[in-house]
Structures are given as C-alpha cells and as structure tokens.
Amino acid sequence: MLALLCGGQGLLSPAMFDLTSGQPEAEPVFAAAQALLGRDPRVLVRERDEPLLHANRASQILSVSAALALHACIAAALPPAFAVTGYSVGEMAAWSIAGAWSAETALQLTDQRARAMDEAGSGDGQLGYVRGLARQAVEALASRHGCAIAIINPDGLFVVGGVRADVTALCHEAESAGAARAALLDVHVASHTPRLSQAVVVLREALEASAAADPKPGRLLLAGGDGSRVFKAAHAVPQLAAQVAKTIDWATTLEALGEFGVDRMLDLGPGHALADMARTALPHVRSYAADGFHSLAGLRDWLATAGRG
C-alpha cells in the first residue's frame, strides 16, 4: 500500500511550487491560497519575503498549499486504495486528501488554525530541535527551561517548544550535554505545547462547523499525532483540534503505517524531511520525496510502476 505524507512548517523554499506551477489541476489551490494571503503563493516564495514567509500564518497556509497542489496534480495517478497522514499542520492537508474537505475549505481552516494559535501564543513562541539525546534527558531539559517536547520523531530527534529565550537556552545546554545537534527552527510559535491550550476550543468550533465528511472508501486516514485510524470525522475532530497543544508522536505514526502494510511512501512536502525520517524508521519501505522528481510526468510514472509492484 502507498502512503502519502503531508509536511509541516519550516521547509519553505523558492522551488517548493516548481512541480505544480502552471498545472491546471493546481490552479484552484493557488487561487484559494492567494485569497487568504493577498498574493500568489508562487510569487511569494520566489520573492523571498523572509519576515512574511516565516510568519506562522503564512507558513502554515503555504505548507498546506504545497501538499494540496501536488495531490491535485497526481490524484488521477493514485491507486484506488492508499493511506494518508500529516505532520503537524500537514494533517489539515491529509484530511482534505482523504475526502473530509475541499482544498479551499482546508486552506480556510488552516488560516483559522494559525490565527487561533497566534492569538493563544502571545507572539513570543518558538520551536527548536534536539538530536542525539535520550528522551528522558530532553524531558529534563524541557522541564528545567519551562519548555515542552512538541514532537517525537524517529532516531532520537525531538522538537521542543516554549518562549523563544527559553528554547534558545535549552538548545545551548543540550549541545553542552552531548547532543549531536540542537538549534532553533523557522517556526515562531510554540506548536504542540500547553502554551497553545487556549487555541483548542476555537479550532474545535471551526472544525465542527466545517461538517467534515468521513474518509472516502479506499482512503486510510491516520492521525498524525499517534497513528490512530480516523473512521468517523466527527469523532476525530476533538483530537485534531487538541493536537495544537499536545505532543505529536510522529515516530509512532510511522510505525502504525508499517503495521497497516504500507510498503511505499511519498512525501508530498514541502521539502523531504518526512521521507528522510521514514527511511530511518522503516528501512524496508520505499520512501521518496516528491521534490526529488524532476517532472510531474516522472512522478506519475513512478506511481504507476509502484502501483503494479
């Protein structure tokens, strides 16, 4: 079974829409994003307006747009049955791909998600990462600096969140304690930590008002936070809303994909971080990133070949 992985924030680049720019299938996604951002997302990333690109709201909308635009371009080449999940805000794209919402609605909800997070986060939030320390050691560092583990990734990679100064201090101490690497990410909100608890109710109300449809037949939707399967959208909405303020266990989500029989994965982006992590966590699974293909034709050919395998 094929699994589609939808990426989160922090991986924006001028080339992130190169595969999909000019493709008629992706135009509705770009139009919906432009209506929210006030500028064409393809132009926005090429012009490298750094303050705007790395603002939480724009970053979330651009990240979800990348996955949805690519899905629109390859939808006809996908097998009848596949799995889909998302990392952090990528879960908004995953729900749309599974059939819960249109791309336009998914982007509107992403906008509401980002606004609720910004209001709850007080503008001084930050994410960072620590690689190479045991979870217990990272938890101790987080507790000492008033931070929290935001995301648990495979291979000893932890994302931490809190006030910017505290995350900076945590990263410095982690390197002194023997971490292979610790640094700030280009995400300026303490996503997936209790600092954003006030955003949960606001987001839940928006998600409930969207009247999300259940996943379409043949589309296996897994929650990005823990790998649980979403059968009924209405039952899973509280969990989707709550994930903005609680730790995401992406390592467990990847394990769940393996247990469901996934034997190939495609990282829709932006970037290739999810494919890299999948190769580490599940070396027996063929994991590729869409941005590694030179053309949509090549990507569609791979999907056709993989589908026969």
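Each reported figure results from applying straightforward, stated rules to the coordinates on display, with no laboratory input. None of these values were measured; they are calculated from a predicted model. Using ideal geometry, Cβ is built from the backbone for each residue, glycine included, and neighbour counts are taken over all protein chains shown.
Worth pointing out:
- Restricting the range 191-276 to chymotrypsin sites (Phe, Trp or Tyr not before Pro) that sit in a DSSP loop and have at most 15 other Cβ atoms within 10 Å of their own Cβ leaves PHE231, PHE260.
- Cβ-placed point charges (K, R +1; D, E -1), dipole of the chain about Cα centre in debye, nearest 20: 360
- Packing-based ranking, highest mean first, of 287-294, 60-67 given that Cβ atoms within 10 Å are counted: 60-67, 287-294
- Mean Cβ count within 10 Å, highest first, over the residues of peptides 90-101, 177-188: 90-101, 177-188
- 3J(HN,Hα) along the range 255-261, derived from phi through the Karplus expression 6.51 cos²θ - 1.76 cosθ + 1.60 where θ = phi - 60°, amounts to 4, 5, 4, x, 5, 7, x Hz, with x in place of Gly and Pro.
- Summed side-chain charge close to ILE248 - residues other than ILE248 whose Cβ falls under 13 Å, Lys, Arg +1, Asp, Glu -1: -2
- A simple packing score, the average count of other Cβ atoms within 10 Å per residue, orders the peptides 134-141, 38-45, 238-245 as 238-245, 38-45, 134-141, with the highest score first.
- Residue among LEU254, LEU44, VAL201 farthest towards the positive dipole end of the chain, charges placed on Cβ: LEU254
- Simple Cβ-charge dipole of the range 157-309, Lys/Arg +1 and Asp/Glu -1, about Cα centre, in debye nearest 20: 400
- Built amide H within the under 5 Å cut-off of MET265, gap 5+: ALA3, ARG286, SER287, TYR288
- Across the range 172-182, coupling constants 3J(HN,Hα) worked out from phi with the 6.51/-1.76/1.60 Karplus curve, θ = phi - 60°, read 5, 5, 4, 5, 5, 7, x, 4, 5, 6, 8 Hz, and Gly and Pro carry x.
- Distances between placed amide hydrogens fall under 5 Å for LEU127 paired with LEU185, VAL187, VAL189, all partners being 5 or more residues away or on another chain.
- The charge dipole of the range 125-173, taken about the Cα centre with unit charges on the Cβ atoms of Lys, Arg (+1) and Asp, Glu (-1), comes to about 40 debye, rounded to the nearest 20.
- Ranked CYS73, CYS147, CYS171, criterion: other C-beta atoms within 10 Å, fewest first: CYS73, CYS171, CYS147
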